[in-house]
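Take a look at the structure set out below.
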Amino acid sequence: MKALGCKDVGVECSFVAKGKTTEEVLKKAAEHATKHHGIKKVTKDYLDSWRKHVHEA
Ligand SMILES: [Zn+2]
């Protein structure tokens, strides 16, 4: 499993996106970010910066 938590990118939030692949994790993280963190559009810049923090879980 791969995972990316809000805390991993410096956001005070207990959400952790998990998935089999990095792309799956980033998709879940994007949904969460738009719903809960007021990000209107998840740009490539967001995805590129998040991708670096995806880790094995
Ligand atoms: Zn969050």
* Asked: What net charge is computed for the residues neighbouring residue 3, neighbours being all others with C-beta under 14 Å from the C-beta of residue 3, Lys and Arg scored +1, Asp and Glu -1?
  -> +4
* Structure fact -> Computed over the chain: longest principal axis from alpha-carbon atoms vs helix 22-36 long axis, angle to nearest 10 degrees, is 30 degrees
* Asked: Counting Lys +1, Arg +1, Asp -1, Glu -1, what net charge surrounds residue 35 among other residues with beta carbon under 15 Å of its beta carbon?
  -> +3
* Take the solvent-accessible surface of the protein heavy atoms, probe 1.4 Å, and return the percent of it on segment 2-56 that carbon and sulfur atoms account for. => 54 percent
* To do: Treat each spin label as a single point 7 Å out from the Cα along the C-beta direction, and report the residue 9 to residue 31 distance in nm.
  => 1.6 nm
* Which trypsin sites (Lys or Arg not before Pro) does segment 16-57 hold that lie in a coil by DSSP with at most 12 other beta carbons within 10 Å? -> 20, 40, 41, 52
* To do: Report the label-to-label distance for residue 57 and residue 1 in nanometres (one decimal), using points 7 Å from each Cα along the Cα→Cβ vector.
  => 0.6 nm
* Averaged per residue, what accessible area in Å² does segment 1-51 show with a 1.4 Å probe, protein chains only? -> 68 Å²
* If eta is 1.567 mPa s and T is 4 °C, what Stokes-Einstein diffusion coefficient results for the chain, Kirkwood Rh from Cα pairs, in µm²/s? -> 118 µm²/s
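The values are calculated or read from the model by the stated rules, or taken from the named source; none is laboratory data. Since the structure is predicted, the reported quantities are computational estimates derived from the model, not experimental observations. Here Cβ is always computed from backbone atoms with ideal geometry, including for glycine, and neighbour counts include all displayed protein chains. Ligands, DNA and RNA are stripped out before the accessible areas are found, and what is left, the full protein with its side chains, is counted by its heavy atoms. Shrake-Rupley method; radii C 1.70, N 1.55, O 1.52, S 1.80 Å.
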